[in-house]
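I have placed the structure first, in the form of structure tokens, so that the comments after it can refer back to it.
The values are calculated or read from the model by the stated rules, or taken from the named source; none is laboratory data. These numbers come from a predicted model, not from an experiment. No Cβ is skipped: glycine too gets one built from the backbone with ideal geometry, and neighbour counts run over all protein chains shown.
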Amino acid sequence: METKTKFFWKNFWLRYRLVNGRREDVEGIIIEGACTETTVKFDFIKGWIESGAKTEEFLLQESGKLLCRKPIISWIFYILSGAQEIEVDEWDEYSRFPYEKSWQAKHSLNEIPVVDYLFQAVFQGLVISGVNLEDKFQKSSVFLSHDIDTIHGFTTEFKHLIKSQMFKPLFRLVKKYLQGYDAWNTIQSLMKIEQKFGFKSTFFFLAEHKFYKGVRNADYKLSDPYIQYCLRELNSKKFTVGLHGALNSFRAPEYLKTQLKQLNPPSTIHRFHFLHFQLNRMVLALREAGIKIDCSLGWASACGFRMGTAKPFYLFDHTAKETTEIIEIPFQIMDATLANAKYGNYSPSEAEEVTLGIISQIEKVNGVVGLIWHNNYFSDYSLRPWKTLYIKLLEHFKDKNIQCFDLKDLR
Ligand SMILES: [Zn+2]
């Protein structure tokens with residue numbers, strides 16, 4: 001089977017379950033025209049989704065076979081494997097693929113999970129052909145996560161409060177500091193609020209505190225008593241702990257492995273610090289380190305669907321030209337993207353609107369909302385409105401009965 005076709009089916013079976021029959025038989029149903037070499041017609045896809053994403057515009061049933069009117073497998077491969085990033089081969093200062101260079105930016109498609117509509121068309125086409133399939137994504141869910149980059153915010157907040165002449169919170173800040181709590185020691189309060197709503201999140205910790213080319217990794221060590229305490233608490237309360245891969249992790253094959261070994265409890269879930277994920281080089285590093293789940297794919301500078309999907313998928317290794325066993329859980333929304341002056345530069349209320357807009361797009365395809373909220377965006381001082389927004393989002397998920405994503409549901 002051709003590489004693209006293999007990638008397509010492996011990801012198809014991650015989404016859909018065959019109730020009876022053999023997968024090989026199903027894979028033989030789609031034939032003509034599914035995998036021809038052609039560039040993706042994004043404007044066509046956009047119009048197709050806007051007019052109701054009708055299956056027959058892609059697939060026609062003819063004597064027990066499905067004929068493709070458009071090369072749907074090639075298109076899904078191009079988008080979901082991230083082939084554009086290899087093709088464009090331009091990276092920002094942190095080795096990230098810039099949103100501004102993407103087809104999503106060019107066609108204003110960053111807020112539509114196009115791959116999920118394309119897979120849905122294939123699913124429908126097969127169901128019409130009499131295949132007994134079940135969609136594993138029966139409802140939307142959420143994957144909440146926190147990158148722990150920095151826990152020492154006292155000086156930053158102190159200066160901010162002096163400058164803004166906010167003396168009451170300043171008094172509180174200093175009092176707490178003298179009691180041993182830093183302003184950004186919010187891991188416990190994050191756990192508490194999520195437990196209150198019945199959610200469980202994933203916390204990514206860095207195992208590297210050294211700077212890389214003048215850029216900070218962690219401002220803590222895993223061995224620090226506060227971090228050790230948090231790790232024990234997270235573990236005992238059944239939150240997930242993952243590795244936040246340091247900058248430069250991919251350049252030496254053993255580096256990521258060494259970092260992983262330092263995590264206790266051990267983990268095989270990972271996200272690159274700074275989202276420093278250059279697809280053409282880093283998949284190999286993840287494979288060699290034995291990572292099973294990665295959560296790094298999304299843009300830093302824009303919200304939305306970098307890989308065209310709101311659902312987990314198997315990563316493609318563009319160096320080895322094969323589908324990997326690593327499951328990627330993409331994200332669409334990050335606090336810093338919304339707040340940072342260089343990126344979204346939204347006020348918290350604008351950010352709420354943008355975020356709810358993306359969540360509603362995800363709900364249309366029963367996808368997984370991927371949300372990154374840093375611990376310092378859950379503090380009580382300069383970023384307090386962002387803490388409020390996070391709580392509002394948790395309330396929204398609770399109200400809509402959106403529960404936490406569980407990878408086990410895809411078995
Ligand atoms: Zn980070």
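Each residue in the stretch 50-87 was checked for being farther than 29 Å from MET282 by Cα and surrounded by 17 or more Cβ atoms within 10 Å (Cβ to Cβ), and 7 pass. Candidates in the stretch 5-21 are the residues that are exposed (fewer than 15 other Cβ atoms within 10 Å of the Cβ) and either within 28 Å of the chain's Cα centre (by Cα) or at pLDDT 95 or above (or both); of these, the one that is nearest to PHE316 (Cα to Cα) is ARG17.
Please verify whether GLU32 is surrounded by fewer than 17 Cβ atoms within 10 Å (Cβ to Cβ), at pLDDT below 90 and within 26 Å of HIS273 (Cβ to Cβ), treating the condition exactly as stated. The answer is no for GLU32. When every residue of the stretch 160-182 is checked against the conditions, at least one turns out to be touching a residue at least 24 places away in the same chain (Cβ under 8 Å), under 23 Å from GLU233 (Cβ atoms), surrounded by 15 or more Cβ atoms within 10 Å (Cβ to Cβ) and touching a Gly at 6+ places or on another chain (Cβ under 8 Å). Being touching a Phe, Trp or Tyr at 6+ places or on another chain (Cβ under 6 Å), among the basic types (Lys, Arg) and away from the ligand (no atom under 16 Å from the Cβ) holds for only one residue in LYS196, LYS200, LYS237, and it is LYS200.
Would you confirm whether or not the stretch 209-229 contains a residue that is more than 16 Å from the ligand (Cβ to nearest atom), surrounded by 14 or more Cβ atoms within 10 Å (Cβ to Cβ) and in contact (Cβ under 8 Å) with a residue 24 or more places away in the chain? Taking every residue of the stretch 209-229 in turn, at least one turns out to be more than 16 Å from the ligand (Cβ to nearest atom), surrounded by 14 or more Cβ atoms within 10 Å (Cβ to Cβ) and in contact (Cβ under 8 Å) with a residue 24 or more places away in the chain. Any chance the stretch 303-319 includes a residue that's out of contact with any Ser or Thr (no Cβ under 9 Å at 6 or more places or on another chain) and at pLDDT below 95? Yes, some residue in the stretch 303-319 is out of contact with any Ser or Thr (no Cβ under 9 Å at 6 or more places or on another chain) and at pLDDT below 95. Please enumerate the residues belonging to the stretch 247-258 that are within 16 Å of the ligand (Cβ to nearest atom), out of contact with any Lys or Arg (no Cβ under 8 Å at 6 or more places or on another chain) and either hydrophobic (A, V, I, L, M, F, W, C) or modelled with pLDDT of 95 or more (or both). Of everything in the stretch 247-258, just one residue is within 16 Å of the ligand (Cβ to nearest atom), out of contact with any Lys or Arg (no Cβ under 8 Å at 6 or more places or on another chain) and either hydrophobic (A, V, I, L, M, F, W, C) or modelled with pLDDT of 95 or more (or both), namely LEU256.
When the residues of the stretch 270-315 are filtered to those that are out of contact with any Gly (no Cβ under 7 Å at 6 or more places or on another chain) and among the aromatic types (Phe, Trp, Tyr), the one that is farthest from the ligand (Cβ to nearest atom) is TYR314.
Would you point out the residue of the stretch 355-398, among those that are over 25 Å from ASP409 (Cβ atoms) and surrounded by fewer than 19 Cβ atoms within 10 Å (Cβ to Cβ), that is farthest from the ligand (Cβ to nearest atom)?
The first filter runs over the stretch 355-398 and keeps only residues over 25 Å from ASP409 (Cβ atoms), leaving 357, 374-389, 391-392.
Filter once more, keeping what is surrounded by fewer than 19 Cβ atoms within 10 Å (Cβ to Cβ): 357, 380, 384-385, 388, 391-392.
Working: GLY357: 25, ASP380: 21, ARG384: 21, PRO385: 21, THR388: 22, ILE391: 22, LYS392: 23 Å.
Top of the filtered list is GLY357.
Taken residue by residue, the stretch 134-153 has no member that is more than 27 Å from SER296 (Cβ to Cβ), modelled with pLDDT under 90 and away from the ligand (no atom under 16 Å from the Cβ).
Evaluation of ILE128 against the conditions (1) more than 29 Å from LYS311 (Cα to Cα); (2) modelled with pLDDT under 90 shows that the sole unmet condition is (1).
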